[in-house]
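**Student:** What follows is a structure written as structure tokens; I'll ask about it next.
The values are calculated or read from the model by the stated rules, or taken from the named source; none is laboratory data. None of these values were measured; they are calculated from a predicted model. With ideal geometry, Cβ positions are generated from the backbone for all residues, glycine too; neighbour counts draw on all protein chains shown. The accessibility values were calculated without ligands, DNA or RNA, using every heavy atom of the protein model including side chains. Shrake-Rupley method; radii C 1.70, N 1.55, O 1.52, S 1.80 Å.
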Amino acid sequence: MDGNGRWAAARRLPRVAGHRAGAKAVKRVIQAAIQNKVRWLTLYAFSSENWGRPADEVTDLTGLLRHYLRNEISELHREGVRVRVIGEHERFGPEVRAELEAAERLTAGNTRLTMVVALSYGARGEILQAALKVAEAVKAGTLDPAKLDEAGFARFLSTTGIPDPDLVIRTSGECRLSNFLLWQSAYAELVFLDVLWPDFDASHFAAALTAFNQRERRFGARPG
């Protein structure tokens, strides 16, 4: 979800206004996912690199996250949306962490849509942590490294139990993954859109799904 800052700058507004508009786009994309019968939606809300932004912007983002948790989770629950969080969300502090865990508990039984929120997430760090867990398991004698395969390694990632993405959408005209689900996106289809995230709506979501459905997915194999 990229382009909040540029959206605000183009309107001579503070960056936090762009983040607030981006939060409204989140509501639109959740509804679009439900309408299109998408079962899994992952939102890259805050990267591990975002901690390097100015302190006041990080504070604004944290405050917006807290506001979202307090005001939107009940509606998501009514809509049948299950919330799951990946990343080092404990870095946001005990209060936010407690609210995230409460949101996961409240919505755990919902099945209409699973919304995975990546907070303080970075794919390289995730893979490194998984490798360290593998090393610890081998050292403890609970894992035979000779029997470890890709599926077994994936169970050490933070996305265990979550299907790999079929489609990755990047907004704002940037054409890169920016440390997002690098392992999981090995065979995902990629769609890059020029629209800034606060302007993203159901029509853009539908266009991305149409582009996805027009592609032939071979997963490294020859067609036919």
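**Student:** Could you give every pair whose Cβ atoms fall below 6 Å, whose first residue belongs to the stretch 13-33 and is open to solvent by 80 Å² or more (accessible area, probe 1.4 Å), and whose second residue is assigned to a helix (DSSP H, G or I) and not aromatic (Phe, Trp, Tyr), counting only separations of at least 6 or pairs across chains?
**Tutor:** Here the result reads ARG15/GLY5; ARG15/ALA8; ARG15/GLU57, each pair linking the stretch 13-33 to a residue that is assigned to a helix (DSSP H, G or I) and not aromatic (Phe, Trp, Tyr).
**Student:** Next question. Hey, does the stretch 138-158 have a residue that's over 22 Å from LYS37 (Cα atoms) and at pLDDT below 95?
**Tutor:** Narrowing the stretch 138-158 to residues over 22 Å from LYS37 (Cα atoms): 138-158.
Within this subset, residues satisfying the condition of being at pLDDT below 95 are none.
Within the stretch 138-158, not a single residue is over 22 Å from LYS37 (Cα atoms) and at pLDDT below 95.
**Student:** I would also like to ask the following. In this structure, is VAL85 assigned to a helix (DSSP H, G or I) and open to solvent by less than 20 Å² (accessible area, probe 1.4 Å)?
**Tutor:** No.
**Student:** So, one more: Looking at the stretch 168-181, is at least one residue open to solvent by 80 Å² or more (accessible area, probe 1.4 Å), out of contact with any Cys (no Cβ under 9 Å at 6 or more places or on another chain) and outside any helix (DSSP H, G or I)?
**Tutor:** First pass over the stretch 168-181, keeping only residues open to solvent by 80 Å² or more (accessible area, probe 1.4 Å): 175-176.
This time we only want the ones that are out of contact with any Cys (no Cβ under 9 Å at 6 or more places or on another chain), so: 175-176.
This time we only want the ones that are outside any helix (DSSP H, G or I), so: 175-176.
So far as the stretch 168-181 goes, yes, one or more of its residues are open to solvent by 80 Å² or more (accessible area, probe 1.4 Å), out of contact with any Cys (no Cβ under 9 Å at 6 or more places or on another chain) and outside any helix (DSSP H, G or I).
**Student:** ALA208 - would you say it is free of Cβ contacts under 8 Å to residues at least 24 places away in the same chain and among the hydrophobic types (A, V, I, L, M, F, W, C)? Break it down into steps so the answer makes sense when it comes.
**Tutor:** On the way: free of Cβ contacts under 8 Å to residues at least 24 places away in the same chain: no; among the hydrophobic types (A, V, I, L, M, F, W, C): yes.
No: the conditions fail for ALA208.
**Student:** OK, next. From the list ARG124, ARG176, which one is free of Cβ contacts under 8 Å to residues at least 12 places away in the same chain and within 18 Å of the chain's Cα centre (by Cα)? Outline the logic, then answer.
**Tutor:** Working: ARG124 fails: free of Cβ contacts under 8 Å to residues at least 12 places away in the same chain.
On inspection, the qualifying residue turns out to be ARG176.
**Student:** Considering each residue of the stretch 133-167, count those that are within 28 Å of ASP201 (Cα to Cα) and surrounded by 15 or more Cβ atoms within 10 Å (Cβ to Cβ), and give that number.
**Tutor:** Our first condition is that a residue be within 28 Å of ASP201 (Cα to Cα); within the stretch 133-167, this holds for 159, 162-167.
Pick out the ones that are also surrounded by 15 or more Cβ atoms within 10 Å (Cβ to Cβ) and you get 159, 162, 165, 167.
Total satisfying the criteria: 4.
**Student:** Please verify whether the stretch 104-119 includes one or more residues that are in a helix (DSSP H, G or I) and in contact with a helix residue (DSSP H, G or I) (Cβ under 8 Å, 6 or more places away or on another chain). Talk me through it step by step, then tell me what you get.
**Tutor:** In the first step, residues of the stretch 104-119 are kept if they are in a helix (DSSP H, G or I); the result is 104-107.
Next cut, in contact with a helix residue (DSSP H, G or I) (Cβ under 8 Å, 6 or more places away or on another chain) only: 106-107.
Taking every residue of the stretch 104-119 in turn, at least one turns out to be in a helix (DSSP H, G or I) and in contact with a helix residue (DSSP H, G or I) (Cβ under 8 Å, 6 or more places away or on another chain).
**Student:** Between a residue in the stretch 95-107 that is open to solvent by less than 40 Å² (accessible area, probe 1.4 Å) and any residue that is of a type in the set (Ser, Thr, Tyr), which pairs come within a Cβ distance under 7 Å, given they are 6 or more apart or on different chains?
**Tutor:** If the second residue must be of a type in the set (Ser, Thr, Tyr), the pairs left are VAL96/THR62.
**Student:** Right, another one. Looking only at the stretch 46-74, which residues are β-branched (Val, Ile, Thr) and either open to solvent by less than 40 Å² (accessible area, probe 1.4 Å) or modelled with pLDDT under 85 (or both)?
**Tutor:** VAL58, THR62, ILE73
**Student:** Give me a count of the residues in the stretch 182-224 that are open to solvent by 60 Å² or more (accessible area, probe 1.4 Å) and among the polar types (S, T, N, Q).
**Tutor:** 4
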